[in-house]
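Remarks on the structure that follows.
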Amino acid sequence: MVTTHDTPHHDIPGHDASEALAERIRRAEAEGTPLRLVGGDTKAFFGRKVQGRTGEAEALSTREHRGITEYDPVELIVSVRAGTPLRELEAALAANGQMLPCEPPHFGDDATVGGMIATGLSGPRRPWAGSVRDFVLGTRIITRQGSEQRFGGQVMKNVAGYDLSRLMVGAQGTLGLITEVSMKVLPLPGASRSLHLDMPLKDALEKLAEWGRQPLPITAAAWLDGALHLRLEGGPSSVAATAERLGGDELLDGFWEALREQRLDFFAAEDPRALWRLSLPHHTPVLEVPGVTVETDVLYDWAGCQRWVRSDADAEAIRSVARQAGGHATCWRGAGGKAVDEPFTPLDPVIEKYHRNLKAQLDPQGIFNPGRLYAAF
Amino acid sequence: MNTQYDARLDGEPPRIAQAEVLADLRQALPGMTLLHREEDLRPFECDGLSAYRALPMLVALPETLEQVETLLKRCHALGVPVVTRGAGTGLSGGAMPLSHGVLLVLSRFSRILEIDPDARTARVQPGVRNLAISEAASPYGLYYAPDPSSQIACSIGGNVAENAGGVHCLKYGLTVHNVIRVEVLTIEGEHMTLGSDALDAPGFDLLALFNGSEGMLGVVTEITVKLLPKPETAKVLMASFDDIEKAGDAVGAIIAAGIIPGGLEMMDNLAIRAAEDFIGAGYPVEAEAILLCELDGVEADVDDDCATVRRVLEQAGATDIQLARDEAERALFWAGRKNAFPAVGRMSPDYYCMDGTIPRRELARVLKGIGDLGEEYGLRVANVFHAGDGNMHPLILFDANQPGEFERAEELGSRILELCVEVGGTITGEHGVGREKIHQMCVQFSPGELVTFRAAKAAFDPHGLLNPGKNIPTPARCSEFRLTKSAGDAPAPTQA
Ligand SMILES: Cc1cc2nc3c(=O)[nH]c(=O)nc-3n(C[C@H](O)[C@H](O)[C@H](O)COP(=O)(O)OP(=O)(O)OC[C@H]3O[C@@H](n4cnc5c(N)ncnc54)[C@H](O)[C@@H]3O)c2cc1C
């Protein structure tokens, strides 16, 4: 085991900037001025703009606070500072034959660990392996008082106190500044094969439901361009046997990363229509989404649980379709690439009340990313 | 001793007589079972931590959600605390009643509402037993993964409230990883859906926050869990060691070989003997430690992994390795482990179960520390644990009829937990803080961190009516605890 504080670890430069960050937060709290927390600023498009007193709020960057503080591969746990580039963390894990199973998207070279946690976005392996929050074991956060606090821990199981670590995931920095996170990591799969099976959409969704009830080593499934794209991962024997059973053609390397990073043609910025993300239950049939005219306007990831939709229809019309199917819809990018005022699905009034209560308790002056998730807090 | 609610340290209780609350609730809820006579209240005086007892003011046994909602609204209006109880198997006094509070028992909500084999989910009421879900899913080739050893009795609502684990957690996760949606009633009787049938939900991850919140933030009234396809095959290897440290190192070596076993459990000699005596599982009673390693998945992979694990165990110095020959023997190997608590219980009039989690690399050091502490206090300690995730269950044997022995067991327990914190671990991996570990919270967390916990609680229950005196200590309690610790730090001497 290696524990470092300000020394390099696994070739990643380390630097502890927590005191400077805390000092800046204490000042913001004293003055009551909002801060816009940024990591690599790669996910700035995701979410609402953070307003300051006049214009956009002042940015507070975590980039200086970086490095792996503890990584013992045998423990299956890594602790890493928020400003560490995600790319560097992943390389350090890979060098030890391990990975972040949630496969977080980067959306740019500079994406940080803090940004991954705060946005909580997961990649193609999500339905099988779990999401970013599922792999979080502990966090350190700087609260509005400017004190660095530790929740959860560097152990696999911990139920002491409320699970504030996982609460930070996806909260978009509205509850505090994340300075460090401990995550569960897993060994890289022994074998991996990707397949391309020509198959109509309806058949693909039926097949996925059927296979879902069987212990098959599927770890990614997307339907687009008339074909089901599948990834198999696990022991060499089962991967080989399953690939033989399912048939199809070998899928080129790099497909899953291109899907995760939204580099496939489907996501092209030139398309002027809005880009929507529909999050849906397993086994949701093909939906009639307003504004969708051809099958290729929808890309099915996560075995159909995450659907990317190109549509210019009214937001409420799209949201209502998702809601009726038991899910919700996020406007990922507005028409013409413009930001929208309400990207996330509006909350039910009782739930919203408790969001406001939590925000009022943890950040009464609204110094942490106010308005980033919803205008009300 | 901190068993009884203490107004000075836990907060001023309401001044309202039982008769008044009874009359109010009877009027608002004429059809609901409401117990108030001492002999009827007695069976509810404790949960699985039987040393902690108190008679509730009233026990409510609702059968409909409307009754729960009305009950909460009335208690909120009257300022009367509510303690929720599932099956009462909790081991930290989380469901211990309050003499000035209503015990809300959810055991009558025991229906499985829906199994959807295509979506691989089960929607159930909170009083459904953990094992009943897997039984109902079985005809579809599916099961619910988290399997606490208490699974024949404990409720899924209690599992959510404790974020319960089981022997299969390392690979399949805890309750929080396997619950996708819950319906909740707040203390004000408002209804909320947390999570969703999809893989995420908008806003904060309140579902994660409610998992493990010990009935402090709301009452869970319905749960949707994820079901998994049953593995094609599961095989168990049992390895014996003549040295507990070697067994600990073998655990790390298996993981270093890139294998995540479905279950990886360890027992020390005292626990092995107890289990063998009780169940006759075929355990080697001479061994200092055994490891049970379950490998599950697709047949071909499992065979490959069994070969790898066998090699690793041999290199780690195992004196004997047995592969369960068939399903019956596999079940028998596990039966010994799953019955380890009651088995140890047969060796001694009483036992006290601890639940610290540590980084695995500290295993040898902590086991030795526990042994030394046991000697210091003159009490025997058996060790059974989820070795794969470093979650230890030291079982302290004592006799409550011997004056002072329970106090000594309790003090030994807290020293063990403090040792866990010292090596970078936590005071509870899966049993919760409840009433029992309220003082150790002051050890594990700084005053500032406790302020943040209280803020989260206040967002949902500003008047502290849900399960007061549990989970998060008041500032008064921590200052008193710190004072007594610094005053009389020397542990009670033992005469043994
Ligand atoms: C022999 C034995 C073995 C055990 N093994 C394990 C194990 O392997 N892993 C493990 O994790 N635990 C284990 N436990 C502990 C216990 O079984 C679990 O904590 C279980 O989750 C408790 O469920 P319950 O229904 O009995 O809850 P209770 O004991 O009734 O309540 C526990 C807590 O949950 C709250 N609560 C209950 N239901 C609700 C609800 N619907 N809404 C809100 N709050 C609620 C209560 O207020 C209380 O704080 C074991 C216990 C025993 C006795």
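The values are calculated or read from the model by the stated rules, or taken from the named source; none is laboratory data. Given the structure is predicted, the values throughout are model-derived calculations rather than measurements. Here the Cβ positions follow ideal geometry from the backbone for every residue, glycine too, while neighbour counts run over all protein chains shown. Accessible surface areas use protein heavy atoms only, side chains included; no ligands, DNA or RNA. Shrake-Rupley method; radii C 1.70, N 1.55, O 1.52, S 1.80 Å.
The table below gives the values:
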read-out: Filter result for A:ALA204 (part of a helix (DSSP H, G or I), over 20 Å from A:ALA118 (Cβ atoms) and more than 8 Å from every other protein chain (Cβ to nearest Cβ)); value: yes
read-out: Which numbered condition A:VAL113 fails, given (1) more than 17 Å from the chain's Cα centre (by Cα); (2) surrounded by 24 or more Cβ atoms within 10 Å (Cβ to Cβ); (3) modelled with pLDDT of 95 or more; value: (1)
read-out: Residue list for the stretch B:388-418, restricted to those being away from every other protein chain (no Cβ under 14 Å), in a helix (DSSP H, G or I) and more than 25 Å from B:ALA54 (Cβ to Cβ); value: B:ARG415, B:ILE416
read-out: Scan of the stretch B:436-469 for residues that are under 25 Å from B:THR186 (Cβ atoms), touching a residue at least 24 places away in the same chain (Cβ under 8 Å) and either within 7 Å of chain A (Cβ to nearest Cβ) or not in a helix (DSSP H, G or I) (or both), ordered by number; value: B:MET441, B:ALA456, B:PHE460, B:ASP461, B:HIS463, B:GLY464, B:LEU465, B:LEU466, B:ASN467, B:PRO468, B:GLY469
read-out: Residue satisfying all of: in the stretch B:419-435; surrounded by fewer than 24 Cβ atoms within 10 Å (Cβ to Cβ) and hydrophobic (A, V, I, L, M, F, W, C); farthest from the other protein chains (Cβ to nearest Cβ) among these; value: B:LEU419
read-out: Any hit, the stretch B:174-193, residues being under 30 Å from B:ARG74 (Cα atoms), open to solvent by 10 Å² or more (accessible area, probe 1.4 Å) and either free of Cβ contacts under 8 Å to residues at least 12 places away in the same chain or not in a strand (DSSP E or B) (or both); value: yes
read-out: Helices (runs of 4 or more DSSP H) (entirely within the stretch A:83-179) containing at least 3 residues that are among the aliphatic types (A, V, I, L, M); value: A:86-94, A:113-119, A:164-168
read-out: Among residues of the stretch A:53-76, those that are part of a loop (DSSP other than H, G, I, E, B) and open to solvent by less than 20 Å² (accessible area, probe 1.4 Å), counted; value: 5
read-out: Complete set of residues in the stretch A:299-315 that are under 20 Å from the mean Cα position of the chain (by Cα) and in a helix (DSSP H, G or I); value: A:TRP302, A:ALA303, A:GLY304
read-out: Residues within the stretch A:271-298 that are outside any loop (DSSP other than H, G, I, E, B) and among the charged types (D, E, K, R), tallied; value: 3
read-out: Set B:ARG85, B:ARG123: member being closer than 27 Å to B:LEU55 by Cα, in contact with a strand residue (DSSP E or B) (Cβ under 6 Å, 6 or more places away or on another chain) and either open to solvent by 10 Å² or more (accessible area, probe 1.4 Å) or more than 8 Å from the ligand (Cβ to nearest atom) (or both); value: B:ARG85
read-out: 1 or more residues within 14 Å of chain A (Cβ to nearest Cβ): qualifying strands (runs of 3 or more DSSP E) within the stretch B:74-167; value: B:112-116, B:121-124
read-out: Matching entry among B:GLU327, B:GLU376, B:GLU288 (being under 25 Å from B:LEU91 (Cβ atoms), away from the ligand (no atom under 16 Å from the Cβ) and open to solvent by 10 Å² or more (accessible area, probe 1.4 Å)); value: B:GLU376
read-out: Test for B:GLU162: is it away from the ligand (no atom under 13 Å from the Cβ) and open to solvent by 10 Å² or more (accessible area, probe 1.4 Å); value: no
